[in-house]
Each structure stands twice: as C-alpha cells, then as structure tokens.
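Q: Sending over a structure as structure tokens; questions will come in a sec.
No lab work stands behind these numbers, since they all come straight from the coordinates. This is a predicted model, so every value here is computed, not measured. Glycine gets a Cβ as well: all are built from the backbone with ideal geometry, and neighbour counts include every protein chain shown.
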Amino acid sequence: MTYCPEPNRYHQNRFRRCGDSALRLPLISLGLWQNFGGVNAFEDGRAVLRHAFDRGVTHFDCANMYGPPGGSAEVNLGRMMRTDFSAHRDELIISSKAGYEMWPGPYGIGASRKHLIASIDQTLDRLGVDYVDIFYAHRPWPDDPMEETMAAMADIVRHGKALYVGVSSFSPERTRRAAELLRSEGVRLLIHQPSYSMFNRHIEAGLLDTLGELGVGCIGFSALAQGLLTDRYIDSTPSTARASERSSFSAEFLSEDNLRRVRALADIARRRGQSLAQMAIAWVLRDAGVTSALIGARTVEQLDDSLNSLNRLDFTSGELAEIDQYAQEGGIDLWRETSSL
Ligand SMILES: NC(=O)c1ccc[n+]([C@@H]2O[C@H](COP(=O)([O-])OP(=O)(O)OC[C@H]3O[C@@H](n4cnc5c(N)ncnc54)[C@H](OP(=O)(O)O)[C@@H]3O)[C@@H](O)[C@H]2O)c1
C-alpha cells in the first residue's frame, strides 16, 4: 500500500542541536543493527520504519555490516528509501559506518583509506542514495595511522558522499585527535556514537566532558541495554527475544544481580507512570550533552512504547538519586575494550 506519512509528524518528537553544529537530531533515533536484516521479514521492518517516521524519527542509523547477512540492512533500507521515503530524502538523516569486518581480505576491515572509500561506495550502492548524511569510523584501529583515516573521511565529505563524519567507540583522547586532524582538513567532527545506558555509564567518566569541550554531539546507543532495561526479562526469558536468538546478548547479562536491579528500576519507573524502557531512554537524555538516544525495536508496539518516553523526560533529584543506587555497571558493554584503546 502507498505510504502517506502522518502530517503531524513534527509535533511527535523533539530535536536537539548536535554539538556546536547547525544540525538538529531527534531526541530518539532508530538503529537497524538487528531486526532489519535479510533474516527478518521485510514487511515487519518496513512497518517499524514507517511508524518511526510518522512519529517524527528523522534519523535512521545503519552500518555496512548490519544484517545478518552483512549488508542486508542497507539493502532493505535502500528498498524502503525507494518505495516509501523517496519523496522525503531531505527530511531524513541516514548514517552508515565502516571499520568492522565486511568482506574477505585485508581491505574488508580496518581504518585504511582503501577500506573506507570502498565501503562508502558499496553503502551508497546498497542504499541507492547519492550520499549519506553521517559517515562513521565504526571503531578505532590503533595500528592504523589516524592521519590516513581522517584524511580519507575528509575526502569522503569533499566528494559529496557524506555530509558529515563521526566516530564510534573512540576514547576521549582518540576523539580529540580525530577532531584535530579533521579540523586541519577543514572538516568538522560532527558526532560521537558511544554505548550508553543505566548499566553502562563509562561516558560519564570523561567522554561527555571532552565532547562538550570540542562541541561534538553525542548519540548514545543501546539505551535499553539490548532489551535488558525493559520489562521483557523480569519474570523469564521469552523465546522470541534477543537473549534467545542472538550472540550479542550474552546469558551473563541476565545475572541475578542485574535482574534484581532491573526489577528495582522497573518499580521506580512504575511510580513515575512509565514503562522501564521509557524511563531508561528518558534517563539517557537527562544530560543535554546527549543529543539523541539511539534505540532498536523489533515491533511497532515496542517502538511506540519507547517513543512515549517523550511524554515524561524530567526527573526529580530524589528520583535520580534513587536510580543511582541501581544504575550501575552491569557487565553488558561489548564495546568497552574498543572504547578504551
Ligand atoms: N556504533 C556501534 O558500534 C553500535 C553498536 C550497537 C548498536 N549501535 C546502534 O544502536 C542501535 C540500537 O541498538 P540496540 O538495538 O542494541 O538498542 P536497544 O534499544 O538497547 O535494544 C533494542 C531491543 O530492545 C528490545 N526493545 C526495544 N524497545 C522495547 C520496548 N519498548 N519494550 C520492550 N523491549 C524493547 C527489543 O528486543 P527484542 O529484539 O529482544 O524484542 C529490541 O530489539 C543499533 O541499531 C545501531 O544503530 C551501534
């Protein structure tokens, strides 16, 4: 059926300026890491993206290797760009990334000019668009000279293949260096994409301050800790859930201690009149230095629930203090090692 977006969509989300740039991102953005690949039903993903756009989500985040199989999330997004969003390209911020293994051999991974230029070309081909809005170095590769990586990123901007560039899971020191190198090329480091949730607060120990100082935006990913910070696992593990289906959700995440703290947080959320997912997203956004919360959703219902966090973003100091008792390290950050390189 022909897609006609909701006319009131811009009253449904709110926008924050991305660092010191002129670009505004929605408070909640949607990522296609899981649930949108070749193994998933295309129409399910399509319904989620349509609903997201209807509710003012103007930013869809992808990467070359999202799927599975790698590349298939971009192929599916490209199909939706053609069928549903072709008249709305200028209303959308589409991002992609390169750096993790994508094709065989030494040029299919890493931070070389060879990998990055080949990867952006493949991405544009899969998406069927002329440019992406944001192109990221997906992770740091300490053995690869950052001068080469950032010069390639700057060329990608100069050649019109990306409007802005970002980095993901970079330490504060590497972020500073990346910003400096890009500046010397006349290009702004727009944004950093780190993991951030109530069970993974590492960015509070320096990265957020560095980004504030540099005027770089921050889009925190996995605000729901891949679903752990929701009501899904409180009583048992559902068979249709990331914990049962995907290796990225380790059984160790469901430790007794984590589940005890999930239950306590769910109780606070209930008293606030929210679901735990809604409170987890609102909590990530409590710091104005976080431009956007980057979430995932398997269904339209999950997305709706998550977007309803916008109905209550404020916290009293008493609530924040109570949350602090339980919002502590949960051993769920798969990206911790990379972000401390
Ligand atoms: N830069 C990087 O290295 C990197 C790494 C990871 C992610 N990301 C980005 O961040 C995006 C989000 O990551 P993520 O998918 O891990 O985010 P997330 O929001 O923490 O987890 C999404 C999962 O939580 C569950 N869920 C979502 N909304 C729910 C709700 N309202 N109630 C109950 N359960 C709910 C669903 O789990 P079930 O599927 O189990 O139902 C869903 O698949 C990715 O798509 C990607 O764009 C970037």
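Q: Mind computing the radius of gyration and Dmax over the alpha-carbon atoms of the stretch 99-246? Å is fine for both.
A: Cα only, the stretch 99-246: 17.2, 53 Å (Rg, Dmax).
Q: Cα-Cα pairs above 17 Å in the stretch 275-319: how many percent? Please report the intermediate quantities before stating the final value.
A: On the way: 290 of 990 pairs.
Considering the stretch 275-319, 29 percent of its Cα-Cα pairs are separated by more than 17 Å.
Q: Could I ask something else about it? Which FRET efficiency, nearest 0.05, do Asp155 and Trp103 yield, Cβ-Cβ r, R0 22 Å?
A: On the way: r = 21 Å, r/R0 = 0.94.
So the FRET efficiency works out to roughly 0.60.
Q: Principal axis lengths of the stretch 3-81 from Cα atoms, whole Å, largest first?
A: 35, 30, 16
Q: Can you give the Rg to Rh ratio for the stretch 232-341, taking only C-alpha atoms and Rh from Kirkwood?
A: Radius of gyration over Kirkwood radius for the stretch 232-341 works out to 0.95.
Q: Further, regarding this structure: In vacuum, with every alpha carbon of the chain counted as one equal point scatterer, what does the Debye formula give for log10 I(q)/I(0) at q = 0.10, 0.12, 0.14, 0.16 Å⁻¹? Two decimals, please.
A: -0.56, -0.82, -1.15, -1.52
Q: About the Cα centre, and with charges only on the beta carbon of Lys, Arg (+1) and Asp, Glu (-1), how big is the dipole of the stretch 164-235? Nearest 20 debye, please. Kindly include the intermediate steps, with their values, before the conclusion.
A: Numbers: 7 positive and 8 negative charges, 43 e Å.
Around 200 debye, computed over the stretch 164-235.
Q: Determine the distance separating the Cα centre of the stretch 96-134 from the Cα centre of the stretch 12-67; give it in Å without decimals.
A: Each part's Cα centre sits 19 Å from the other's.
Q: Taking the beta-carbon count within 10 Å as an exposure proxy, list Asp257, Asp333 from fewest neighbours to most.
A: The fewest-first ordering by Cβ neighbours comes to Asp257, Asp333.
Q: Additional query: Helix 113-127 versus the longest principal axis of the chain: what angle, 0 to 90°, nearest 10, using Cα atoms?
A: Taking Cα atoms only, the helix is inclined about 70 degrees.
Q: Ordered by packing density, taken as the mean number of other Cβ atoms within 10 Å over each peptide's residues, highest first, how do 277-284, 122-129 rank? Working shown, then result.
A: On the way: 277-284: 25.4, 122-129: 19.1.
So the order, starting with the most tightly packed, is 277-284, 122-129.
Q: Next question, about the same structure. Can you give the FRET efficiency to the nearest 0.05 for Arg271 and Asp121, using r as the Cβ-Cβ distance and R₀ = 41 Å? Present the calculation step by step, with values, prior to reporting the outcome.
A: Numbers: r = 51 Å, r/R0 = 1.25.
According to the calculation, E is roughly 0.20.
Q: Along the stretch 68-74, what does the Karplus equation 6.51 cos²θ - 1.76 cosθ + 1.60 (θ = phi - 60°) give for ³J(HN,Hα), rounded to whole Hz, x for Gly and Pro?
A: Ordered by residue, 3J(HN,Hα) equals x, x, x, x, 6, 5, 5 Hz.
Q: Contour minus end-to-end for Arg79 and Glu245, with contour as 0.36 nm per residue of separation and end-to-end as the Cα-Cα distance? If you can, show how the numbers build up before the last one.
A: On the way: separation 166, 0.36 × 166 = 59.76 nm, distance 2.54 nm.
Extending this stretch completely gives an extra 57.2 nm.
Q: Please get the size of the charge dipole for the chain, origin at its Cα centre, with Cβ charges of +1 on Lys and Arg and -1 on Asp and Glu, quoted in debye to the nearest 20.
A: 500
Q: To continue, here is another question. Ser86 versus Asp235, label points 7 Å from Cα toward the beta carbon: distance in nm?
A: In this crude label model, Ser86 to Asp235 measures out at 4.7 nm.
Q: Sticking with this one: Of all DSSP beta bridges located in the chain, what percent are antiparallel, nearest 5? Don't skip to the answer; put the middle values down first.
A: On the way: 4 of 31 bridges.
Taking every DSSP beta bridge with both residues in the chain, the antiparallel ones total about 15 percent.
Q: Right, something else. Could you tell me the convex hull volume per residue, in Å³, taken over the Cα atoms of the stretch 1-132? List each step's numbers first, then the result.
A: Numbers: hull volume 14.5 nm³, N = 132.
Cα convex hull per residue, to the nearest whole number: 110 Å³.
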